[in-house]
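One structure below.
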Amino acid sequence: MAEIMYWEAVLRAHDEEMARDPLVICMGEDIGVAGGTYKATKGLYEKYGEQRVIDTPISEGGYTGLGIGASFLGIRPIIEIMSVNFAWLAMDQMFNSAAKVRYMSGGQLTAPCVFRSAGGTAHQLGAQHSARMEKVFMGIAGLRVVTPSSPKQAYGLLKSAIRSDDPVFINEHELMYNMKGDVPDAEYFHPLEGSEIARSGTDVTLFGYNISVHWCLKAAEILDQQYNISAEVVDLYSLSPLDRAGIRKSVCKTHRAVIAEEDEAPVGVGSEVIAIINEECFFELDAAPVRVHSAFVPQPYNHTLEMAAIPDHDDVVRAVLKLLGKA
Amino acid sequence: MTLDDKKRVLREMVLHRRFEERCYQAYIERKIGGFLHLYPGQEACCNGVMEAARPGHDYVITGYRDHVHAIKCGTDPKAVMAELYGKETGCSKGRGGSMHIFDVAHRFMGGYALVGGPFPLAAGIAKGIQMKGGDEISICFLGDAANNQGVFHETLNMAKIWNLPVLFVCENNQYGIGTALHRSTAVHDQYKRACSYHIEAAQCDGQDIDIVHQHAKVAVDHVRSGKGPYFLELMTYRYRGHSMSDSRGYRTREEEDEWKLRDPINILRDRLIAAGALNAEEFTQIEHDTDIYIEQEVIKFAEESPEPEVADLEKYVLA
């Protein structure tokens, strides 16, 4: 077990899979000679060459479609879209081609591609470089969506995604690439479906994914120390499919739920988790579930406004106190 | 092509024409649902190109006017018709429909319904061929209007810089749905747009199969020999509307009649008769036999095939 950074974990998964299988390639803007905006492909160009580490033109729809077409022949492309905000330009190919081809061909053709992209609010990147869009991806049948909250998950989920015969979208976060965490020394494959209990508790469940898992963990610590409230934190690393059984199990234990996301509320992860709670275990609830989410605005540039627009651990704490009638 | 080849191709073209006309009838009878885009008038394009290529070996991808391209690659017409009927025996198991014919065993990589969508997929297939080191090529058949999509430009650029073995065939039938090319497109000669990406390109008559074949041979040889992508523009015309919901109010009957004077099947038929390789009675017999085959085998198979099971609704979503 070694402590490495998130970007190093992503890089290690690339490297191991590319060394193992000559059909694994990676492609994207500035990933080769320049080494990748977030260093996730650093050194791969020198090691595997320009045929397998492809610096693409700034043509998101084009190169995403090209990767998908290559995957029809058994190539395993890892397609990096530098910012998830640019993925809008590639969604036609991701959704209409990759996600649907297996179904509309009656199972003849699959698109075993991995799409990796970083989203989220970083440091005053403004409206067109700060969006979170996981809610868009998780609504598409035929596409798996995972979102690693730690270096271990970043490594293990990418390894599994590359081996998967389904197209997988991996949602990363621009602020998390330098996060440190333990990753097993031995090869490790993280399951693409399910959820994880990141902290066990009894009074309330805090559902998070990716960066919001860390707000939930910090909030759980504060709730424990300052308010004597025992919060369970569930990491929904798979956003499609969502782990219905895992959601039900935790709510049946704590009878209260808070869902934290950096995304805006409408048609979001929180909405979906609450709908699942209603369908699976409504009568287990002792209080109405609460969503913690960003303001419904294009992300502002001004730093104070930016911080006001997105939630953090304090918002999770406040939501729990409100839910328990203590605020 | 030898005279024997041409006679075989004439039979195939008659099948392609009659198959599509029979689809029209089945659509009117509501046996076929959804959107239906028919190919009559353009037969020399697909046939001329594929006679220069290797059907079933080379990869072919196209848009939603896709029945004939699949059949030319080797797909059983029965499986195509059953697909149009939405049956479990259809080539896409009734999940695709007219716009999504697939037959991977014959390397027909599908019909896609987003105009221009297949461009990057075709280039990706070519990338796959390049990586695996095979002698196949990737052939992308699309219409003129697809060239106004952004991915056309993105794909041509990538195909050139990476020297991909892909042949783009532009079947220029003069209309993008119901809008004439000259009203939607600044550059009327489509091959010139490919030239701007330094891609070898040519334009020729798409109604005379000998002319198409001649040009396609140059194009296919270029791509297969590793010289990179090629763009071939074929000037053609679709007799029917864009789809079945189209009453053709955007063009004149005189224009249609003028194009029908250069019907691809008649051109080939007359040439074979002039060469003494065919006579009029023989041709009538070919048409007659084709109709019997379509009715007694193709339609019968589609009619009698089972529907998919509702219990299998969610099959094929994920692997």
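Please treat every number below as a calculation from the coordinates, not as lab data. None of these values were measured; they are calculated from a predicted model. Heads up, the Cβs are rebuilt from the backbone with ideal geometry, glycines too, and the neighbour counts pull from every protein chain shown.
For the charge dipole of chain B, defined by +1 on Lys and Arg C-beta atoms and -1 on Asp and Glu C-beta atoms about the Cα centroid, which residue among B:225, B:82, B:141 has the Cα displaced farthest towards the positive pole?
Most positive-ward Cα: B:225.
Suppose each label sits 7 Å from its Cα in the direction of the beta carbon; what would the residue B:284-residue A:227 distance come out to in nanometres?
Placing both labels 7 Å beyond Cα along the Cβ direction yields 9.2 nm.
Tell me, what does the Kirkwood hydrodynamic radius of the protein assembly as shown come to in angstroms if you use every pair of distinct C-alpha atoms?
Taking every pair of different Cα atoms in the protein assembly as shown, averaging 1/r and inverting gives 26.7 Å.
Which of B:263, B:221, B:246 moves most in a GNM of chain B, Cα contacts under 10 Å?
B:246
With only Lys, Arg, Asp and Glu charged, each at its Cβ (+1 for the first two, -1 for the last two), find how big the charge dipole of the protein assembly as shown is about the Cα centre; round to the nearest 20 debye. Before the final figure, lay out the partial values.
Values: 65 positive and 90 negative charges, 45 e Å.
Dipole size: approximately 220 debye.
Just to be sure I understand the model, the point goes 7 Å from the Cα along the line to the Cβ. What's the resulting residue A:314 to residue B:5 distance in nm?
7.8 nm
Sorted by average packing, counted as other Cβ atoms within 10 angstrom per residue and highest first, what order do B:209-217, B:308-316 take? All intermediate terms of the calculation are to be shown ahead of the outcome.
On the way: B:209-217: 21.1, B:308-316: 11.8.
Per-residue Cβ counts within 10 Å, averaged per peptide and sorted highest first, yield B:209-217, B:308-316.
Remind me, relative contact order of chain A in percent, using alpha carbon pairs under 8 angstrom and six or more residues apart? Don't skip to the end; give the middle numbers.
On the way: 738 pairs, mean separation 51.1, N = 327.
So the answer I get is 16 percent.
Too long at a 30 Å Cα-Cα cut-off: which of A:135/A:322; A:100/B:87; A:100/B:160; A:39/A:100?
Details: A:135/A:322 26 Å; A:100/B:87 19 Å; A:100/B:160 28 Å; A:39/A:100 32 Å.
Flagged as over cut-off: A:39/A:100.
When we measure straight from the Cα of residue A:326, which lysines land under 23 angstrom away, once same-chain ones fewer than 8 places off are left out?
A:218, A:253
If you take each beta carbon of peptide A:97-103 and count the beta carbons of other chains within 10 angstrom, what is the mean? Walk me through the intermediate numbers first.
Values: counts 8, 1, 2, 7, 8, 6, 10.
For peptide A:97-103, the averaged partner shielding equals 6.
Placing +1 on the Cβ of each Lys and Arg and -1 on the Cβ of each Asp and Glu in chain A, which of A:170, A:28, A:108 has its Cα farthest towards the positive end of the resulting dipole?
Selected residue: A:108.
At a Förster radius of 60 Å, what calculated FRET efficiency corresponds to the Cβ-Cβ distance of residue B:274 and residue A:284, to the nearest 0.05?
Details: r = 84 Å, r/R0 = 1.40.
For R0 = 60 Å, the calculated efficiency reads 0.10.
In debye to the nearest 20, how big a dipole does segment B:198-319 give about its Cα centre with +1 on each Lys and Arg Cβ and -1 on each Asp and Glu Cβ?
Values: 14 positive and 27 negative charges, 145 e Å.
Using only the charged Cβ atoms, the result is roughly 700 debye.
Residues of segment B:280-319 with the amide nitrogen closer than 15 Å to a label point 7 Å from the Cα of residue B:88, along Cα-to-Cβ, please.
Hits in segment B:280-319 for residue B:88 at 15 Å: B:302-316.
Taking the Cβ of residue A:64 as the center, what net charge do the other residues with Cβ under 11 Å away carry, scoring Lys and Arg +1 and Asp and Glu -1? Let's see the in-between values first.
Numbers: positive: none; negative: A:60, A:80, A:92, B:154.
Summing Lys/Arg as +1 and Asp/Glu as -1 gives -4.
May I ask for log10 I(q)/I(0) of segment A:196-323 at q = 0.13 Å⁻¹, from a Debye sum over the Cα atoms as equal point scatterers with solvent left out?
Computed log10 I(q)/I(0) values: -0.47.
What's the longest piece of chain A with no exposed GluC sites (Glu not before Pro), counting a site as exposed if DSSP puts it in a loop and it has at most 15 other beta carbons within 10 Å?
Details: sites that count: A:50, A:187, A:193.
That gives A:51-186 as the longest site-free run.
Nothing charged except the Cβ atoms of Lys and Arg (+1) and of Asp and Glu (-1): what's the magnitude of the dipole of chain A about its Cα centre? Round to the nearest 20 debye. Working shown, then result.
Numbers: 28 positive and 43 negative charges, 83 e Å.
The dipole of chain A has a size of about 400 debye.
Please average, across the residues of A:128-136, the number of beta carbons from any other chain that are within 10 Å of each residue's own beta carbon, and give a whole number.
Working: counts 0, 0, 0, 0, 0, 0, 0, 0, 0.
So the per-residue partner count for this stretch is 0.
Past 28 Å, Cα to Cα: identify those pairs from B:127/B:315; B:227/B:260; A:47/B:132; B:72/B:93; A:249/B:93; B:6/B:132, in the order given. If you can, show how the numbers build up before the last one.
Numbers: B:127/B:315 30 Å; B:227/B:260 37 Å; A:47/B:132 19 Å; B:72/B:93 20 Å; A:249/B:93 38 Å; B:6/B:132 34 Å.
In this structure, B:127/B:315; B:227/B:260; A:249/B:93; B:6/B:132 lie more than 28 Å apart at Cα.
Fewest to most neighbouring Cβ within 10 Å: what's the order for B:239, B:24, B:230? Intermediate results must be reported in sequence, preceding the final value.
Details: B:239 18, B:24 15, B:230 27.
In increasing order of surrounding Cβ atoms, one gets B:24, B:239, B:230.
Loop only by DSSP, 16 or fewer other Cβ within 10 Å of the Cβ. Give me the chymotrypsin sites (Phe, Trp or Tyr not before Pro) in segment A:241-327 that pass, ordered by residue number.
Details: sites: A:282, A:283, A:296, A:301; in loops: A:296, A:301.
Of the chymotrypsin sites (Phe, Trp or Tyr not before Pro), the ones in loops of segment A:241-327 whose Cβ has at most 16 other Cβ atoms within 10 Å are A:296, A:301.
May I ask for the Rg/Rh ratio of segment A:2-183, computed from Cα atoms with Rh as the Kirkwood radius, given to two decimals?
On the way: Rg = 15.0 Å, Rh = 16.0 Å.
Looking at segment A:2-183, the ratio lands at 0.94.
Please find the FRET efficiency linking residue B:260 to residue A:88, where r is the Cβ-Cβ separation and R0 is fixed at 30 Å, and quote it to the nearest 0.05. Walk me through the intermediate numbers first.
Details: r = 44 Å, r/R0 = 1.47.
It comes to 0.10.
Calculate, in nm to one decimal, what residue B:214 and residue B:148 gain on full extension: separation in residues at 0.36 nm each, minus their alpha carbon distance.
Values: separation 66, 0.36 × 66 = 23.76 nm, distance 2.74 nm.
Once the chain is fully extended between residue B:214 and residue B:148, it gains 21.0 nm.
How do A:56, B:290 rank when sorted from fewest to most other Cβ atoms within 10 Å of their own Cβ? Intermediate values should be presented prior to the final figure.
Working: A:56 24, B:290 20.
Fewest-to-most Cβ neighbours within 10 Å comes out as B:290, A:56.
Where does chain B land on Rg/Rh, using Cα atoms and the Kirkwood Rh? Before the final figure, lay out the partial values.
On the way: Rg = 19.0 Å, Rh = 19.9 Å.
In chain B, Rg relative to Rh is 0.95.
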